[in-house]
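Worksheet for the structure shown next.
The values are calculated or read from the model by the stated rules, or taken from the named source; none is laboratory data. Predicted model, so just to flag it, every value in this text is computed and none were measured. Here the Cβ is made from the backbone with ideal geometry for all residues, glycine too, and neighbour counts use every protein chain on show. Protein only, heavy atoms only, side chains kept; ligands, DNA and RNA dropped before computing areas. Shrake-Rupley method; radii C 1.70, N 1.55, O 1.52, S 1.80 Å.
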Amino acid sequence: MTRAPFRPAALSGRVARSASGRLPWAVWRRRLTSVAAGGALALTGMATVPSPAQAATGPTAYVANFFGDTVSVVDTSTNTVTDSITVGNSPVGVAVNPGSGHAYVTNFDEATVSAIDMDTNAVTATVPVGSNPLNLAFDPSGTHAYVANSGGTTVSVLDTATNTVSATIQVGNSPNGVAVSPSGATAYVTNNNEATVSVVDTATNTVTATVPVGSSPTGVAFSPSGAFAYVTNSGGTTVSVLDTATDAVSATIAVGTSPNGVAFNASGTRAYVADRGSDDVKVIDTATKAVTATVPVGDGPARVEAAPSGTVVYATNVNDGTVSVIDTGTNAVTETISGFSGPYGVAFAAAPPSARADIDVNLTAQPRLNLLVPYLSYTLTAHNTGPEAVTSATLTAKLPAGAGATNLAYGCTVSGTTVTCDYGAIADNASVNKTFRVPLHLLHLGPVKVSGLRTTSSPTDPQPDNDTASVTCNAVSIVLVTCP
């Protein structure tokens, strides 16, 4: 059955739902016009974060549940919901801040934005914004978020350091979608009741151009290069292609009924459009600006986002409470994730970082001369600067030609002029020392240089700059040696 296009409305109160929990279609259509579309871009992907309830092994996705007043956390490596976070009334748009480790969610019926700490999956701030906030997008630095307030004519600019509104920008009537260019210099805002896009200079927070597009524009996304932006026109069946150099429509692409969400793959060769009215996702070849595939999904697809891996695309199906997982190689749904309540906005964050532990190598020398056999005593130290514990490590010490080592510490061996020491577990901010001696009678007179090196360690050492150390002593005779 063909549905009428979305028509956004600035409703402030909760609307009675049917016994099934769904809003009547007429009301749903009025309230959430493009909730689906704009956010697709504004957030380039779903949000990934480790869940406290169940650790995620892959990128995590944050999915806003409009009917449930929650955000679901999805482990995309298993496509399972691992946590649920209570936010404000009727959450719609989701975006991940690239710089702060937080996901931000617009609460449509509450005129607020919730900030979620992605390490704890807890709401850490609630920021008042304009009427009926739909979608939001961050600048590349993550210092500012732009929130489209569909119940009026404004965009709220959030300072993410203070979680306060630092500016309010006048745009068109019922702003729905918002996206920031890859350079961060420009934001595009779709004005649903005006059939226009406002071009915002982010340095001055002023509108510099207004571009006519199709009927009821909703979603907007910049190509990865920033050369083009795609705008879905939910009042019809088209996508407008904007040339960002001229801020003008350069092409119009026919898609399905009531197109809403739109997103690009990482290379920019494909764009994906959620057709809310025809229950499918269109795949567009951006070189030819033609639809190359139609992928049937669930009931009422609102948003689409490409996962960080690039191998799958997620589509939120608001009417049947599911998320469709689309294989980008075959353009077919490979899995359907259930357990949502009016899923709308989605956003990806990076996979949880692998464990890392930085080893700082240190080497010292001390002459021992008043003995029957004078020698230099060396201490080869592995200091773990963290953040994780070291489970194992191997360090070596390279001796001068003709030199040998004796009195090796446990775990050390010598082969020719190389001493190899194996270190066991080292706690965060702890050190382990290994010692050995170099008899002086085996050395040539003059500079005596020994170099230490971390050769292997686990987990990954993220900082190679401190993996080496050396010390040079000066041997005038076997009874006169100076070391730093």
*Scan of the range 179-192 for residues that are more than 17 Å from G142 (Cβ to Cβ) and either surrounded by fewer than 20 Cβ atoms within 10 Å (Cβ to Cβ) or touching a helix residue (DSSP H, G or I) at 6+ places or on another chain (Cβ under 8 Å) (or both), ordered by number*: T190
*All but one of (1) under 29 Å from G184 (Cα atoms); (2) modelled with pLDDT under 95; (3) open to solvent by 30 Å² or more (accessible area, probe 1.4 Å); (4) among the aliphatic types (A, V, I, L, M) hold for A55; which doesn't?*
(1)
_Just to be sure before I move on: is F340 open to solvent by 10 Å² or more (accessible area, probe 1.4 Å), touching a residue at least 40 places away in the same chain (Cβ under 8 Å), within 13 Å of V74 (Cβ to Cβ) and more than 19 Å from the chain's Cα centre (by Cα) in the structure I sent?_
yes
*asked:* Out of everything in the range 72-106 that is small (G, A, S) and within 21 Å of P133 (Cα to Cα), what residue ends up being surrounded by the fewest Cβ atoms within 10 Å (Cβ to Cβ)?
replied: G88
_Name the residue that is least open to solvent (accessible area, probe 1.4 Å), counting only residues in the range 264-285 that are within 11 Å of P224 (Cβ to Cβ) and of a type in the set (S, T, N, Q)._
N265
*Do any strands (runs of 3 or more DSSP E) lying entirely in the range 382-471 carry at least 3 residues that are open to solvent by 70 Å² or more (accessible area, probe 1.4 Å), and which ones are they?*
446-458
*asked:* Between a residue in the range 120-133 that is at positive phi and any residue that is open to solvent by less than 20 Å² (accessible area, probe 1.4 Å) and aromatic (F, W, Y), which pairs come within a Cβ distance under 7 Å, given they are 6 or more apart or on different chains?
replied: N132/F108
*Hey, A266 hits all of (1) at pLDDT 95 or above; (2) under 19 Å from E305 (Cβ atoms); (3) aliphatic (A, V, I, L, M) but one; which does it fall short on?*
(1)
*Could you grab the pairs with beta carbons closer than 8 Å, sequence gap of 6+ or different chains, first residue in the range 419-437 and within 23 Å of V373 (Cα to Cα), second one of a type in the set (F, W, Y) and open to solvent by less than 40 Å² (accessible area, probe 1.4 Å)?*
V419/F436; K434/Y423; T435/Y378; F436/Y378; R437/Y375; R437/Y378
*asked:* So for the range 81-94 (the condition being closer than 15 Å to A350 by Cα and in contact with an Asp or Glu (Cβ under 9 Å, 6 or more places away or on another chain)), does at least one residue qualify?
replied: no
